[in-house]
Every structure is written in C-alpha cells, then in structure tokens.
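The values are calculated or read from the model by the stated rules, or taken from the named source; none is laboratory data. Not measured: the values here are computed from a predicted model. Heads up, the Cβs are rebuilt from the backbone with ideal geometry, glycines too, and the neighbour counts pull from every protein chain shown.
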Amino acid sequence: MDSELQPYADLWTSGQWTVHRTRHSSARVIIGFEQGRATPKELSLLRRTVDRFRDLPASEVKSAVAGQAKLDLGTMSGMEARRLLLELREAGLLAHLEDASYVSQMPVTKDSSAVMLIEDEALGQKVCEEMIRRGAPVIESQVD
C-alpha cells in the first residue's frame, strides 16, 4: 500500500465506511452557424432563445459572435442542456450537445453521519479505489 494512503487505513479496516459514487450528468451546448458565421436570421433566433442575448441590441449580439463558426453556450446540468437543445432546435438553430459528465466518489460512514473530505482530489480517488478494492460497499447515485 502507498504510504500516502496509510493515514486513511481506518476507512477500510473499521467496517464503518462506504464509498458514495455520484454520476453527474452535464453537457456543453454548442450552436453551429449554417454559413460558418451567424446570419441575420440566426442572430434574431439567438436573441429569442439564449437568455444572455435576450436583452442585448442586435449589434451587440452580432459583435459577440462575429467570426465564429459555432457558439459554445457552456456546461450545464444534463436536464437543462437537453431542455435548451430542444428549444434551440425548435427555433431553427443547429445545435448539439457534447457530454461533460463526470463521476465523483467520497468516503461516507454507513449511517451517513460523517464524510471524509480529502482536499487532494487525486489522493481522494486513490483512497476510494483502495476502499473498494478492500471490500467497502459502494452506494451509487445520479445527479442530473
């Protein structure tokens, strides 16, 4: 066993700890412009469908996307991304999702009364993997 894991040995020897594994569903929403840049129609659709452009004058929206073949609206929860994708497509914009989901793990007592927070993310993952390897139960959940 790595010496860096030794201080955490109680997590797998006491029998009081589990690993909570959470799958976080998230996605990036990307709008592509048909002609490699936003047309006047697409600019109008952006103002109607994208919150951050809704109250801006058309000239500011045009400046914000000038020279871009696509517009990245950022990463959001999977549910929010799917809702926005549907709205964008229904409006007539070319849009797609890029998966940005990830999994996190953390040691939690069996009665859920305590959590072991390990600031070093890589070390925290090593600790959880060692716990699992040594038989700690894994409790799975999904966040969307």
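In table form, for the structure just shown:
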quantity: Residue ID - surrounded by the most Cβ atoms within 10 Å (Cβ to Cβ), chosen from residues in the range 73-131 that are of a type in the set (Ser, Thr, Tyr) and more than 20 Å from the chain's Cα centre (by Cα); calculated: Thr109
quantity: Sole residue being surrounded by fewer than 15 Cβ atoms within 10 Å (Cβ to Cβ), among the β-branched types (Val, Ile, Thr) and either more than 30 Å from Gln125 (Cβ to Cβ) or outside the structural domain of Met131 (by TED's automatic domain parsing) (or both), chosen from Thr39, Thr49, Thr13; calculated: Thr39
quantity: Residues that are in contact with a helix residue (DSSP H, G or I) (Cβ under 9 Å, 6 or more places away or on another chain) and acidic (Asp, Glu), drawn from the range 1-41; calculated: Asp2, Glu4, Glu34
quantity: Any hit, the range 8-24, residues being closer than 30 Å to Asp111 by Cα, aliphatic (A, V, I, L, M), at pLDDT 95 or above and in contact with a strand residue (DSSP E or B) (Cβ under 9 Å, 6 or more places away or on another chain); calculated: yes
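Rundown of residues vs (1) part of a helix (DSSP H, G or I); (2) farther than 24 Å from Gln125 by Cα; (3) among the charged types (D, E, K, R); (4) free of Cβ contacts under 8 Å to residues at least 24 places away in the same chain, yes/no style:
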| position | (1), (2), (3), (4) |
| --- | --- |
| Pro7 | yes, no, no, yes |
| Val19 | no, no, no, no |
| Arg28 | no, yes, yes, no |
| Glu34 | no, yes, yes, no |
| Leu43 | yes, yes, no, yes |
| Ala64 | yes, yes, no, yes |
| Glu80 | yes, yes, yes, yes |
| Glu87 | yes, yes, yes, no |
